[in-house]
Amino acid sequence: MKKIFICITFCIATYTLNAQSNPAMDRPIQQCISQNQDKVNRLKPNFSIGSWLGKVSETCDKLKATTGKGGGPQVISLLEMEKDLDELIILADNCPALSKVKAEMDEMKKIYTEKTKSETFKMKDDKNSDGLFDDDKELSTFSLSRKSAGKIKNQAEKIRKMLKK
């Protein structure tokens with residue numbers, strides 16, 4: 001019983017350390033964001049890439065752990081994080097701290113682009129409609145496979161290791 005408790009404590013401590021920010025890693029990127037605020041909309045000057053990478057990894061793990069069609073919230077979260085990735089890639093040209101991981105971020109973006117499935121469905125015209133939502137004649141859905149989530153997680157961990165050096 002004691003060994004199980006120690007193992008669980010170790011796992012929780014490891015997870016907590018991975019999700020926390022690292023000032024040595026975060027500050028140069030925060031400075032780049034502040035200096036290039038006109039080029040980004042989502043990233044704020046207090047953005048923590050360490051926490052963001054931890055959240056990406058955690059969300060990928062949660063998606064991989066789902067069965068059937070239960071991963072919708074994780075897919076939505078990962079697609080939102082893709083928007084942050086887009087802005088990090090934009091900043092990489094003007095930010096030495098990010099330029100050393102630009103190739104890895106580009107690879108992560110490539111996984112997102114190749115593996116995200118998008119379907120658009122035409123909605124039937126409703127003759128009883130009051131005209132309030134007439135523009136909404138299509139419904140789009142997005143999905144990301146569990147295998148892709150594993151690849152994205154691997155890239156996030158690779159970026160984290162490179163930034164810690």
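Taken together, the values in this text are just the output of simple stated rules run on the coordinates, not laboratory data. This is a predicted model, so every value here is computed, not measured. Here the Cβ positions follow ideal geometry from the backbone for every residue, glycine too, while neighbour counts run over all protein chains shown.
With labels modelled as points extended 7 Å from the Cα through the Cβ direction, what inter-label distance (nm, one decimal) is found for K39 paired with K69?
If labels sit at K39 and K69, their model points lie 4.2 nm apart.
Over the stretch 32-118, what lengths in whole Å, largest first, do the semi-axes of the equivalent ellipsoid take, defined as the square roots of 5 times the eigenvalues of the alpha-carbon gyration tensor?
Result for the stretch 32-118: semi-axes of 26, 13, 11 Å.
Separation between the R27 and D93 pseudo-spin-labels, each 7 Å from Cα along Cα→Cβ, expressed in nm?
2.9
Can you compute 3J(HN,Hα) from phi for each residue in the stretch 30-38, using the Karplus curve 6.51 cos²θ - 1.76 cosθ + 1.60 with θ = phi - 60°, rounded to whole Hz and x for Gly and Pro?
For the stretch 30-38, the Karplus-derived couplings read 4, 5, 4, 5, 4, 6, 10, 4, 6 Hz, x marking Gly and Pro.
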